1. Please find, among 600, 591, 606, the residue that is within 26 Å of the chain's Cα centre (by Cα) and aliphatic (A, V, I, L, M).
2. Could you tell me which of the residues 372, 378 is under 19 Å from residue 595 (Cβ atoms), in contact with a Cys (Cβ under 9 Å, 6 or more places away or on another chain) and not aliphatic (A, V, I, L, M)?
3. Please state which one of 561, 497 is touching a residue at least 24 places away in the same chain (Cβ under 8 Å), polar (S, T, N, Q) and out of contact with any Cys (no Cβ under 6 Å at 6 or more places or on another chain).
4. What pairs come out if I take residues in region 501-516 that are acidic (Asp, Glu) and pair them with residues that are open to solvent by 20 Å² or more (accessible area, probe 1.4 Å) whose C-beta lies under 7 Å away, six or more apart or interchain?
5. Starting from region 591-610, take each residue that is closer than 18 Å to residue 358 by Cβ and touching a residue at least 12 places away in the same chain (Cβ under 8 Å) and list its partners that are of a type in the set (Val, Ile, Thr) and open to solvent by less than 30 Å² (accessible area, probe 1.4 Å), counting only C-beta distances under 7 angstrom and pairs at least six apart or across chains.
6. Of everything in region 155-202 that's charged (D, E, K, R) and modelled with pLDDT under 90, which residue is most open to solvent (accessible area, probe 1.4 Å)?
7. Being of a type in the set (A, V, I, L, M, F, W, C), more than 30 Å from residue 264 (Cβ to Cβ) and either surrounded by fewer than 23 Cβ atoms within 10 Å (Cβ to Cβ) or at pLDDT 95 or above (or both), is that true of even one residue in region 391-412?
8. Considering only region 280-303, I want to know if a residue exists there that is open to solvent by 70 Å² or more (accessible area, probe 1.4 Å) and within 16 Å of residue 424 (Cα to Cα).
Amino acid sequence: MMLARQTALVPLITAVVANVAAAHQGPDPIAHWSFNSRSVSDGVCKARLGADLRLEGDYALARDAYGEALDLTGWNQIASEATGSIGLEGADAFTVSAWVLIDEAERWGGVVGQHGEDSPLWVLGYDSERFTFSLTTVASDQPVEVRGETPYGKGKWFHVAAVYDGESARLYVNGQLDAKGAASGKITTTDDSVVVLGSRPDHPDSHPMRGRLREVSLYDLAAKPAWVAHTFDHGKQLVSMQRDARADALTLVVKPYLQFGTQTGMTVMWQTSAPGDSVVHYGPTADCEKELAAEGVGPIHEVRIEGLEPETQYFYRTVTTDTSGRSIESRVSTFSTAVHDDSPFAFAIISDTQTNADIAHRVATHAWAQRPSFLLHPGDLVETGTNDSHWTQHFFPSLDPLISRVPFYPVLGNHEQNASNYYEYVSLPDPEYYYEFRYGNAHFFMIDTNRNVDPSSEQHRWLDRALAASDATWKFVCHHHPPYSSDENDYGDLWQTSQSTRGDLRARQLSKLYDKHSVDIVWNGHIHSYERTWPVRDGKAVDGEGPIYMIVGGGGGGLETPGPTRPFFQNQVRRAHHYVMVHINGPNLELRSYDLDDRLFDTVQLRARR
């Protein structure tokens, strides 16, 4: 949002908690936002003082024992000023005050900040353990950043204030000085800036805040310590709460998504902030007149719907009710059951989404625009499988435009770390780390190459039997590690030596099965680039029948580069974020690959061998 300059500067701190007595008399803030149902309407927070904020991204209002707060629930939380400047550009002193609750830790997190087009003016934020304060002045080439000493407890309310007086940057937590750093000069001036809530766009590794904001106030003077302490005193009831504040409201932690669709069934999953009953309303119209509940309660909900008609569109929404009688309802969305065996269909492939939610969201949005029947994911869904926020804040929100409407079929990557999170969030046939599924006239075999796949292994023996038993027109295999790759340094540093295995030797043990059972395409990730081989049989490129191996690791991870020379198997290679669409009509297959700007860069047509 473009900001107009504002000359009226009228400062101080008032009470920062709704339903708490007003603070002592004094100057007023130049901007003051309370996030409650009285002030937030139609995506705009009406300011008590200063300019209104237009709220963008995913948010809701949550109520706890002491009032309401802005609940940031998605991956794109920003609030930009809509009606005028906050007046801090070029200031030599200011204070920012906020009541904040952090649900998930982040390495680079933002509570509130003012950002120009190229750089931040200032940011009140947090990292994986503590609150932070950074600012950019005309006297310094680099931002000044101070880090607090007090660890924040996830799900607990804190009052955080940052003060700049022209000589130092101070950070206060719950009324007490927590950190101090030297700083001087006026705040950097910019013609255009925006107020940003719940994010740090100045950091490429920043991920939006999952948590709550109750109030934010800005002042064009440096607050005295007693002033900060007095402000905290008026809301300290919040921090004395003995229970987790997240339990005071029932919210959607993960919006509904789809798993393991068949011709007659679909699994709906979602997660709430507290356990509750799991109910799915569904039907042929948006009224969702049918209802199905799952037994038991839990924060991660799973409802399997059976008895559906093949190749049919359905509408659905979820409702969760906890033991206190509070309910949370999802939006209405759609899904389609699997097609008849002889019907044309298409599916998307996105891999290695990892920790770059923005890239993953873009490719998922592009893929959804082509209306695939489902999503195939060859692993590394997240950066760290044991980190809850990488699932709740990165993977699920970023892929929501797609996986809320079509089921996704994943395999384990190395970054999942075989964590329990993976098994709790997916619903696949046992043992889940390997499985198979049919769709149309195609048969998919999903393998975990983080485990043993040698000829004596359980997976190798199972895959041999399953491939032999399949009568499908098309046979596809998906696993994370690529048997063939031209990557510059994953399998030998090709800029320092000519020695390289040119792929994962453990995974390559499976290639004899692919030759033996006439597998058509093998999809892999792990390498963050795109590569398509010629048909390869018996370790050689062939002009005829042989599996094609494809690396499709461009869903978000940092890009990797091919080596300096072309190996025998390489047909197409590209260093770019991307997604792939596969279209099948009987014996005809068309594969198209698209970059981050949705531009086609590779295509191939195949004719079935069976």
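The values are calculated or read from the model by the stated rules, or taken from the named source; none is laboratory data. Because the structure is a prediction, the values reported are computed rather than measured. Cβ sites come from the backbone with ideal geometry, for glycine too, and all protein chains shown count toward neighbours. We work out accessible area using only protein heavy atoms, side chains counted, and drop any ligands, DNA or RNA first. Shrake-Rupley method; radii C 1.70, N 1.55, O 1.52, S 1.80 Å.
1. 600
2. 378
3. Result: 561 is the single residue among 561, 497 that is touching a residue at least 24 places away in the same chain (Cβ under 8 Å), polar (S, T, N, Q) and out of contact with any Cys (no Cβ under 6 Å at 6 or more places or on another chain).
4. Filtered contacts from region 501-516: 515/537; 515/538.
5. Matching pairs, first to second residue: 596/359; 596/363.
6. The selected residue is 191.
7. Step one: of region 391-412, the residues of a type in the set (A, V, I, L, M, F, W, C) are 391, 395-396, 399, 402-403, 406, 408, 411-412.
Those still in the list that are more than 30 Å from residue 264 (Cβ to Cβ) too: none.
Within region 391-412, none of the residues are of a type in the set (A, V, I, L, M, F, W, C), more than 30 Å from residue 264 (Cβ to Cβ) and either surrounded by fewer than 23 Cβ atoms within 10 Å (Cβ to Cβ) or at pLDDT 95 or above (or both).
8. Yes, there is a match, as at least one residue in region 280-303 is open to solvent by 70 Å² or more (accessible area, probe 1.4 Å) and within 16 Å of residue 424 (Cα to Cα).
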